[in-house]
Amino acid sequence: MVPRYSRPDMVAIWTPEARFKIWFEIEAHATDALAELGVVPKEAAAAIWEKGAFEVDRIDEIERETKHDVIAFLTNVAEHVGPEARFMHQGMTSSDVLDTCLAVQLAKASDILIADLDALLVVLERRAREHKMTPTIGRSHGIHAEPVTFGLKLAQAHAEFARNRARLVTAREDVATCAISGAVGTFANIDPFVEEYVAGKLGLSVEPVSTQVIPRDRHAMFFATLGVIASSIERLATEVRHLQRTEVLEAEEFFSPGQKGSSAMPHKRNPVLTENLTGLARMVRGYVTPAMENVALWHERDISHSSVERYIGPDATITLDFALARLTGVMDKLVVYPERMLKNLNKMGGLVHSQRVLLALTQAWVSREDAYRLVQRNAMKVWDSDGALSLLELLKADPEVTLSDAELEDKFDLGYHLKHVDTIFARVFGAA
């Protein structure tokens, strides 16, 4: 966890105090359930809630001797509870506490990330509607293709992040499971009722089969989902970075008063936020492979996954939380230049309308091969002139082009390309 890229609410989930608090709740709820079953005295269960406490420093001190974090925790709590503490952890194993705690933490982290996505979706919809009919050039391979609108670019991003939200909701549900099944997961020394009871208290579902540990395919899918969201962040950030290039300058990150772009060049206004997002996305994706490799544990359990999750649990969620918030801010304040978009669209002498002419010629009984040859022959002259020549005028002057001047002029209508924008918006945002 890097403080520079962290936000307090997400960080709070992963503090030692938060972790041990969840451990305590797991143990206390489990003891309540055992008391209901008559396995332990109800007075003991009540005493754990009344007297139970812990100190992080003391747990660390005990662990230096025991070399076992759960035993150190139980020992510290017992120092506060007294003799009744002997009824804690009855029939349980360490993974019951550790895995159930991680499920609670990942569920809480998911709730923050879902809220982050909701905030981003609101901004993307607002900016998309703002620029719904703002014409700009669509690019394929980085080269001018045909006209689109800037609103459509943002609508696409909205649709993508809406899918990501749905994926995260599913991943949250999948990873939020409780295991209180004892050594090797057979419930030999603890009744399944205890697991059901603790799961209900913590807002988790019951793990159908826990082989002492919760199967790590759940966690692999969770972190893979975070990786996909990070990739979507990078996709939108990369678009902004390209649009901010001096040669393009169709949009740029907000540059605040007093902000400096370069220690050497006072004129610089760099896309530092979206470049930062590109780097953060790489980090989040970097946690996916270790999560995948955690799936293959030895037999009923080993702890090769443990050290990995101590890293990737906090780091992936904290980093993604920060990245989503940063992207929301970038898109909220993004400076858009419609005039520059239109200027760039018209830069290449009407080449963006070449397909309409091609199709019109085929409708006029010209073979597709000949139609392509005629249009491309004139288009290449425009390319070679760097847009100084006009494709429309060249086509009008070409004796082999059988379309009338009026028919050709009709094929250079920008509005033609925007006629289904409403349809696409309705698909993304619903009917107005």
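A few points about this structure:
- Whole-angstrom gap from region 199-244 to region 387-432, using each part's C-alpha centre: 44
- Apportionment of accessible area to carbon and sulfur, the chain, percent (1.4 Å): 55
- Pairs from the table (Lys153/Lys396; Lys153/Lys343; Lys347/Lys396) lying more than 25 angstrom apart at Cα are Lys153/Lys396.
- Protein heavy-atom accessible surface, 1.4 Å probe, per residue over region 80-184: 36 Å².
- Helical runs (DSSP H, four residues minimum) scored at -39500 (n - 2.57) apiece and divided by the length of the chain put the mean residue ellipticity at 222 nm at -20500 deg cm²/dmol.
- You can think of it this way: the chain between Ala296 and Phe412 has 35.8 nm of extra reach, that is 0.36 nm per residue less the Cα-Cα gap.
- Projected over all directions and averaged, the alpha-carbon convex hull of region 53-152 occupies 12.2 nm².
- In region 225-294, the GluC sites (Glu not before Pro) that fall in loop regions by DSSP, at most 10 other Cβ within 10 Å: Glu247
- Placed amide H near Glu146: partners under 5 Å, 5+ positions off or other chain: Gly138
- Label separation (Ser263 vs Thr170): 4.7 nm, computed from points 7 Å beyond Cα along the C-beta direction.
- With the convex hull of the Cα atoms taken as the outline of region 226-335, the averaged projected area works out to 8.5 nm².
- At full extension, His80 and Asp398 could sit 105.0 nm farther apart than now, given 0.36 nm per residue minus the alpha carbon distance.
- Relative contact order for the chain, counting Cα pairs under 8 Å that sit 6 or more residues apart, in percent: 17
- A Stokes-Einstein calculation at 37 °C with viscosity 0.692 mPa s, built on the Kirkwood radius of region 255-307 over Cα pairs, returns a diffusion coefficient of 221 µm²/s.
- Between helix 192-202 and the chain: long-axis angle, C-alpha atoms, 0 to 90°, nearest 10: 50
- Relative contact order computed over region 1-134 (Cα-Cα under 8 Å; 6+ residues apart), in percent: 27
- Residue pairs, from the table Lys132/Lys333; Lys108/Lys333; Lys260/Lys333, whose Cα atoms sit over 20 Å apart: Lys108/Lys333
- Taking the longest Cα principal axis of the chain as reference, the axis of helix 368-384 is set at about 90 degrees.
- Charge context of Leu273, other residues only, Cβ under 10 angstrom, K/R +1, D/E -1: +1
- Charge dipole (Cα centre; +1 on Lys/Arg Cβ, -1 on Asp/Glu Cβ; no other charges) of the chain amounts to roughly 1700 debye.
- Trypsin sites (Lys or Arg not before Pro) restricted to DSSP loop in region 313-406 with at most 16 other C-beta within 10 Å: Lys347
- At 0.890 mPa s and 25 °C, Stokes D of the chain from Kirkwood alpha-carbon radius, µm² per second: 95
- Peptides 134-147, 203-216 ordered by average Cβ neighbours within 10 Å, highest first: 203-216, 134-147
The values are calculated or read from the model by the stated rules, or taken from the named source; none is laboratory data. As the structure is a prediction and not an experimental result, all values here were calculated from the model. We place every Cβ from the backbone using ideal geometry, glycine too, and count neighbours over all the protein chains shown. Keep in mind that these areas ignore ligands, DNA and RNA; they rest on the heavy atoms of the full protein, side chains included. Shrake-Rupley method; radii C 1.70, N 1.55, O 1.52, S 1.80 Å.
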